[in-house]
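J.: Pasting a structure here, questions to come.
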Ligand SMILES: Cc1cc2nc3c(=O)[nH]c(=O)nc-3n(C[C@H](O)[C@H](O)[C@H](O)COP(=O)(O)OP(=O)(O)OC[C@H]3O[C@@H](n4cnc5c(N)ncnc54)[C@H](O)[C@@H]3O)c2cc1C
Ligand SMILES: *[C@@H]1O[C@H](CO)[C@@H](O)[C@H](O)[C@H]1NC(C)=O
Ligand SMILES: *[C@@H]1O[C@H](CO)[C@@H](O)[C@H](O)[C@H]1NC(C)=O
């Protein structure tokens, strides 16, 4: 199919507001000769394309079973991907060198069955989070944990350990609310080459299958536990940032859905005071997080252009102006909280759980602007950024923040480049028995920062981000979120997840032939050091040890960290002739 046809069919005409906007394009795009898989940011395609020899779109469990059986019988390697493909590491990309099959769950998304007496919901793996939540709420129940972004499938989100924020009850990670799964696994000839296996808590496979990165089985259905429908009340409390690294434990203990947004360059910390309230509390508020709202194409393009101009002029101050303007604008609109579904009129904002936990209105795109989409849509030359997500034990989190503050205090402006991407988001997840989940109650730190259009272009203040990244993952032993991060974050990951060997043993048992194997997923899971090419540190493919790993021709050289001396980062120097 020609790209133009695809683009045209993607245009969604919304007659109510007479606007034209476009939802994300499907991650698999084919022409007459080849199909390519990308992620939602379009990054696989521009940096490192993922060609897929063949794709199947099952619509039922029988279809999925038949697909796995066919692939097993024909010795094909299998990978799965959802209709969203919102994961950054290339887990869904099949092996480039072998015969492979990609299974998309985009059409396996019809069944959502609620069991009121057990208070559970069972959904097909391809069901989107928003569809699931709406059905659950309509039945008078609530899903307690979910990521903040709703553009994900149930199968995809439990595969990568996706989470919201909570240290209460079963905690903020969705897989800790899973009570059962139906998997399709390869089998011998006598069993027809594939079979369905049911796993529930207590089964040996349960802890392997919940956060399984698409590398041990195909998830057919997921059963989640629910609670009676409830309401929440949210207030964002603006504080200076002098003590949040001491306050976070208290905050997480006191407020069920607490989080903290830290803006280091502005020395501000915003505490999210977020609790359940009685159903009788008035309010039908909505949390329509501003970063996930539909953005006019022109706005995204303009923001990107001004970022690039600041980069080109090496103008840190330009980024700081952007950062402080954005924070004031966001404060004014309550970060997208809406008291009455339409506008923000003041705190607290009270609403149903189903409208307060997760959002993503850019997926459906409707705004007063002519053309709008998610800000990172690869078709519009909008935002391109990295997402680093580091998961700490509480004590190490404290040490990490103290180190980052030291680095910040050397020159607060260096941090403007993350503050214009919402600063550092600090969230909470509880200890999990899932082998690749968090082995202890943990603190998750997320931050985004500018990524250049091409891999070889160095970035303003990149030494600072690299130092923060290395502080997190190497000095303070943070575990990487499986769905985010640059490759360096996964170095040594095997030693960080204490049940890794159990996971690998379970995988050998359930998939002895390695049907779900690919070199892409293996590279991340094993966290191995690979060859260091010229410029490899720029995109986080390596830690630099020589100048050529940075960009000497552009004045970026490999240097020690400023606070964490053992770090090796690419730093700009206008004078160095080395
Ligand atoms: C804007 C944005 C905001 C986000 N916010 C959060 C957040 O708040 N919290 C958080 O934790 N994460 C967050 N994420 C990350 C996101 O939750 C994960 O990337 C999630 O895994 C994406 O789900 P998906 O359906 O797109 O899965 P995909 O990217 O399609 O797949 C993810 C993995 O699951 C595997 N998989 C998919 N379906 C199946 C199946 N049926 N059987 C077996 N394996 C399967 C794939 O092979 C792959 O390994 C965010 C991502 C974005 C883009
Ligand atoms: C199909 O797409 C590939 C990759 O984008 C491209 O190289 C090739 O020329 C295209 N073929 C046709 C027939 O359009
Ligand atoms: C930060 O705020 C606290 C009160 O919340 C106050 O006691 C403290 O003096 C403030 N610190 C700075 C540096 O402004």
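J.: Considering segment 439-475 alone, what residues qualify as being assigned to a loop (DSSP other than H, G, I, E, B) and closer than 18 Å to residue 429 by Cα? Quick ask: steps written out before the conclusion?
T.: Of all residues in segment 439-475, those assigned to a loop (DSSP other than H, G, I, E, B) come to 439-441, 451-461.
Answer for segment 439-475, where residues must be assigned to a loop (DSSP other than H, G, I, E, B) and closer than 18 Å to residue 429 by Cα: 439, 440, 441.
J.: For segment 40-54: of the residues being in contact with a strand residue (DSSP E or B) (Cβ under 9 Å, 6 or more places away or on another chain) and within 13 Å of ligand 1 (Cβ to nearest atom), which is farthest from residue 454 (Cα to Cα)? Explain how you work it out, then say what you get.
T.: Taking segment 40-54 and keeping what is in contact with a strand residue (DSSP E or B) (Cβ under 9 Å, 6 or more places away or on another chain), we get 41, 44-45, 49-54.
Now narrow it down to the ones that are within 13 Å of ligand 1 (Cβ to nearest atom): 41, 44, 50, 52.
Details: 41: 14, 44: 12, 50: 17, 52: 23 Å.
Going through the qualifying residues, I end up with 52.
J.: Consider residue 91 carefully, then state whether it is modelled with pLDDT of 90 or more, more than 16 Å from ligand 3 (Cβ to nearest atom), touching a helix residue (DSSP H, G or I) at 6+ places or on another chain (Cβ under 7 Å) and closer than 30 Å to residue 486 by Cβ.
T.: Values: modelled with pLDDT of 90 or more: yes; more than 16 Å from ligand 3 (Cβ to nearest atom): yes; touching a helix residue (DSSP H, G or I) at 6+ places or on another chain (Cβ under 7 Å): yes; closer than 30 Å to residue 486 by Cβ: yes.
Here the answer is yes, as residue 91 does meet what is asked.
J.: On to the next question. Look at residue 72 and say whether it is more than 16 Å from ligand 2 (Cβ to nearest atom), farther than 19 Å from residue 215 by Cβ and more than 19 Å from the chain's Cα centre (by Cα).
T.: Numbers: more than 16 Å from ligand 2 (Cβ to nearest atom): yes; farther than 19 Å from residue 215 by Cβ: no; more than 19 Å from the chain's Cα centre (by Cα): yes.
When the stated conditions are applied, residue 72 does not pass them.
J.: A further question follows. Can you find a residue that is under 30 Å from residue 399 (Cα atoms), touching a residue at least 40 places away in the same chain (Cβ under 8 Å) and outside the structural domain of residue 86 (by TED's automatic domain parsing) anywhere in segment 298-305? Lay out the reasoning, then the answer.
T.: Within segment 298-305, the first condition is being under 30 Å from residue 399 (Cα atoms), and the residues that meet it are none.
No, segment 298-305 has no match at all.
J.: Sort out which residues of segment 495-525 are out of contact with any strand residue (DSSP E or B) (no Cβ under 7 Å at 6 or more places or on another chain), surrounded by 15 or more Cβ atoms within 10 Å (Cβ to Cβ) and either modelled with pLDDT of 95 or more or in the same structural domain as residue 51 (by TED's automatic domain parsing) (or both), and write them in order of number.
T.: Those that are out of contact with any strand residue (DSSP E or B) (no Cβ under 7 Å at 6 or more places or on another chain), surrounded by 15 or more Cβ atoms within 10 Å (Cβ to Cβ) and either modelled with pLDDT of 95 or more or in the same structural domain as residue 51 (by TED's automatic domain parsing) (or both): 499, 500, 502, 503, 504, 506, 507.
J.: Something else about it: Here's a check for you: in segment 528-540, which residue that is in contact with a helix residue (DSSP H, G or I) (Cβ under 9 Å, 6 or more places away or on another chain) and surrounded by fewer than 18 Cβ atoms within 10 Å (Cβ to Cβ) is farthest from residue 213 (Cα to Cα)? Outline the logic, then answer.
T.: Taking segment 528-540 first, the residues in contact with a helix residue (DSSP H, G or I) (Cβ under 9 Å, 6 or more places away or on another chain) are 528, 530, 532-540.
Filter once more, keeping what is surrounded by fewer than 18 Cβ atoms within 10 Å (Cβ to Cβ): 528, 530, 532-534.
Values: 528: 17, 530: 21, 532: 26, 533: 27, 534: 30 Å.
Ranking the candidates gives 534 first.
J.: If we only count helices (runs of 4 or more DSSP H) wholly inside segment 1-81, which ones have 1 or more residues that are at pLDDT below 75, surrounded by fewer than 21 Cβ atoms within 10 Å (Cβ to Cβ) and more than 16 Å from ligand 3 (Cβ to nearest atom)?
T.: Of the helices (runs of 4 or more DSSP H) lying wholly inside segment 1-81, those with at least 1 residues that are at pLDDT below 75, surrounded by fewer than 21 Cβ atoms within 10 Å (Cβ to Cβ) and more than 16 Å from ligand 3 (Cβ to nearest atom) span 3-10, 43-47.
The values are calculated or read from the model by the stated rules, or taken from the named source; none is laboratory data. This is a predicted model, so every value here is computed, not measured. Heads up, the Cβs are rebuilt from the backbone with ideal geometry, glycines too, and the neighbour counts pull from every protein chain shown.
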